[in-house]
1. Is it the case that LEU434 is under 27 Å from ASN372 (Cβ atoms) and in contact (Cβ under 8 Å) with a residue 12 or more places away in the chain?
2. Give me the residue from the range 188-197 that is surrounded by 18 or more Cβ atoms within 10 Å (Cβ to Cβ) and modelled with pLDDT of 90 or more and, out of that set, nearest to TYR252 (Cα to Cα).
3. Going by the structure shown, is GLU214 out of contact with any Lys or Arg (no Cβ under 6 Å at 6 or more places or on another chain), surrounded by fewer than 18 Cβ atoms within 10 Å (Cβ to Cβ), assigned by the TED database to the domain that holds VAL280 and outside any helix (DSSP H, G or I)?
4. If I ask for residues that are of a type in the set (Gly, Ala, Ser), part of a loop (DSSP other than H, G, I, E, B) and surrounded by fewer than 19 Cβ atoms within 10 Å (Cβ to Cβ), which ones from the range 231-270 would you list?
5. Is there any pair with a first residue in the range 57-83 that is closer than 12 Å to PHE100 by Cβ and a second that is basic (Lys, Arg) whose Cβ atoms are under 6 Å apart and which are 6 or more apart or on different chains, and what are they?
6. From the list THR359, THR392, THR437, THR341, which residue is of a type in the set (Ser, Thr, Tyr) and assigned by the TED database to the domain that holds GLY237?
7. Does any residue in the range 304-323 that is closer than 15 Å to CYS282 by Cβ come within less than 9 Å, Cβ to Cβ, of a residue that is surrounded by fewer than 18 Cβ atoms within 10 Å (Cβ to Cβ) and of a type in the set (A, V, I, L, M, F, W, C) six or more places away or on a different chain, and which pairs are these?
8. Which is of a type in the set (Lys, Arg) and surrounded by 14 or more Cβ atoms within 10 Å (Cβ to Cβ), of ARG402, ARG355?
Amino acid sequence: MGSMEASTAPENGSAAGGGAGGTACNGAGASSNGGGMERRLRSSAASASWAAHLPLEVGTRVMCRWRDQKLHPVKVIERRKGSASSSPADYEYYVHYTEFNRRLDEWVKLEQLDLDTVETDVDEKVEDKATSLKMTRHQKRKIDETHVEQGHEELDAASLREHEEFTKVKNIAKIELGRYEIDTWYFSPFPPEYNDCPKLFFCEFCLNFMKRKEQLQRHMKKCDLKHPPGDEIYRSGTLSMFEVDGKKNKVYGQNLCYLAKLFLDHKTLYYDVDLFLFYVLCECDDRGCHMVGYFSKEKHSEESYNLACILTLPPYQRKGYGKFLIAFSYELSKKEGKVGTPERPLSDLGLLSYRGYWTRVLLEILKKHKGNISIKELSDMTAIKADDILSTLQSLDLIQYRKGQHVICADPKVLDRHLKAAGRGGLDVDVSKLIWTPYKEQG
């Protein structure tokens, strides 16, 4: 499976055998343990009482057996009839695991729910606080794979509620892209005829998508692309970067946005892709160039944005590609002779990724530099915007105010400590392999 570590665990469609009615005890144990029998009878009675309230209402909170075979708290987001039968027990429920990111929301069957734990009236603020206390740092790291997504700070309360209502249920559960089958994370506004397809099949080269495997197989016999439709501007070893003009390749650009939205929660989907350039990173072999991830940028940005959206596809995460894409965006800014900054607002994860990049680049320069150096000089050397440099150094307590001006304090031991905390830098961009003309100079 090409998704997160957790998604490699076997899907459990009937994992509630130890939950509301079934038991796995042997007969001798059951007959000799009166207390155990009494508890099971009480449990069965409780489940029977809840059976009268089926199907469960939207908003109900209950424990659900997840892929790790453990019970986790969930909230029912939506429900649907699971078969032609009109029995209340045949409903399926779309649930949000309150301990985890929305990307793990999914449809579950009734037998996965422990009806003894049903709650219908919970103070959400108290519940959310309790949930956050239960999660360990390891759980958060495991669930929150590093990728940058646009935040939603610009939305007012009404717009945010509308967004969450519209996107609350994933419409596509899985996709097939090249040799990977990938669990999706979020809703994406595909054309209506593709809604509720359990799985979509993408051509990994032109990104056309189909409902059936047979359609993809027929398409692949006719598709003559073996790489993204654009100019190859970088090749180092097996890695290639292609620049795709949204105006020249409108369908590809739109399909790439549909695909990306499956893995980015609050990304704004741009149907007018004419104004954007897409930089698609690929791993190349004798079968072609296979997309790893991408970033997009506006052709002309008055705010000096050098990146609008960035994504590493789930099968390729935790391999340094996200850091590579960020570094590549700054190398393009250097070629343009401009300073750059990512489009705002950044999500918490986005800020974390960028702060790590800025820290590594700036501190490496400070370690090697002899004598004084200014924020302006650092900006000229790195193409990082002065505001981002200042905020990064301030967050590391490396800026002091002396004699009416800000001074960078670069104690070698302190720099080494911060560099160690910032972690590895990922894959290096070999600038000698970058052959590229800035957009304004083309044609």
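The values are calculated or read from the model by the stated rules, or taken from the named source; none is laboratory data. These numbers were taken from a predicted model, which means no experiment stands behind them. Note that we place each Cβ from the backbone using ideal geometry, even for glycine, and neighbour counts take in every protein chain shown. For the accessible areas, the whole protein counts, side chains as well, though only heavy atoms, and no ligand, DNA or RNA atoms are used. Shrake-Rupley method; radii C 1.70, N 1.55, O 1.52, S 1.80 Å.
1. no
2. Taking the range 188-197 as the starting set, the residues that turn out to be surrounded by 18 or more Cβ atoms within 10 Å (Cβ to Cβ) are 188, 190, 197.
Then keep just the ones that are modelled with pLDDT of 90 or more; that gives 188, 190.
Numbers: SER188: 16, PHE190: 14 Å.
Going through the qualifying residues, I end up with PHE190.
3. no
4. Once the filter is applied, which keeps residues that are of a type in the set (Gly, Ala, Ser), part of a loop (DSSP other than H, G, I, E, B) and surrounded by fewer than 19 Cβ atoms within 10 Å (Cβ to Cβ), the range 231-270 yields only GLY237.
5. Hits for this filter: LYS75/ARG61.
6. Numbers: THR359 fails: assigned by the TED database to the domain that holds GLY237; THR392 fails: assigned by the TED database to the domain that holds GLY237; THR437 fails: assigned by the TED database to the domain that holds GLY237.
Exactly one residue qualifies, and that residue is THR341.
7. PRO315/MET1
8. From the options ARG402, ARG355, the qualifying one is ARG355.
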